[in-house]
Amino acid sequence: MRTAVMERRTKETDVRVELSLDGGEVMMETGIGFFDHMLNAFAVHGGFGLKVSVKGDLEVDCHHTIEDTGIVLGKAFSQALGDKGGIARFGSFYVPMDEALGFCALDISGRPFLVFDAVFPEERIGTYDSCMTEEFMRAFAFNAGITLHLKCEYGKNSHHMTEALYKALGHALHAAVQPLTSAQPLSTKGVL
């Protein structure tokens, strides 16, 4: 089964993630309403079963909660994918969200990297700092072993721009984790 359960406890956060690459229940409890909304959109558009429970030091700010969730979610994806054999490996997707257009291209390569190109006009969306979108994506990519490129082509509303990026990530990952007929990694090297 392509599933994983991952936990991480620090002095700043207590994070638990349950992931199924092939669908299932979706439930988020991070203490940050907009972040819950984004994780829900990511899971639904990716076709993933995802339960996320976080207790973080929100009295400080949202940084540790969001970044640590990215770390644990990335590790869960890495575990669920195993040796990365038998999957399509690459995915890309555009998501229009009203006036905003988000794009994601990724490679489940084992070589983590992030290229992030988005400038948000509003600093905050509820209790979510807009700059945390990049921090989440970096933590996720580096812990999942994914080469991840994200770009908001244009937009005027930070909510729409951010949501387009999370949904694009979900769709691109959905394509990349699709099973192939061969169980071998899709690589000229024979391994990833």
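The values are calculated or read from the model by the stated rules, or taken from the named source; none is laboratory data. Just so we're clear, the structure is a prediction, and the values are computed from it rather than from any experiment. FYI the Cβ positions are ideal-geometry reconstructions off the backbone, even for glycines, and counts take in every protein chain you see.
Does at least one position in the range 145-155 carry a residue that is surrounded by fewer than 17 Cβ atoms within 10 Å (Cβ to Cβ), modelled with pLDDT of 95 or more and not in a strand (DSSP E or B)? No, the range 145-155 contains no residue that is surrounded by fewer than 17 Cβ atoms within 10 Å (Cβ to Cβ), modelled with pLDDT of 95 or more and not in a strand (DSSP E or B).
Answer yes or no as to whether D22 is closer than 18 Å to V177 by Cα and of a type in the set (D, E). Criteria met by D22. For the condition under 12 Å from the mean Cα position of the chain (by Cα), closer than 24 Å to H63 by Cα and either surrounded by fewer than 16 Cβ atoms within 10 Å (Cβ to Cβ) or acidic (D, E) (or both), E123 does not qualify. Entry remark, the range 85-112: residues being among the hydrophobic types (A, V, I, L, M, F, W, C) and surrounded by fewer than 15 Cβ atoms within 10 Å (Cβ to Cβ) number 1 in total. Determine if the range 55-63 includes at least one residue that is part of a helix (DSSP H, G or I), of a type outside the set (S, T, Y) and more than 30 Å from Q184 (Cα to Cα). Yes, because at least one residue in the range 55-63 is part of a helix (DSSP H, G or I), of a type outside the set (S, T, Y) and more than 30 Å from Q184 (Cα to Cα).
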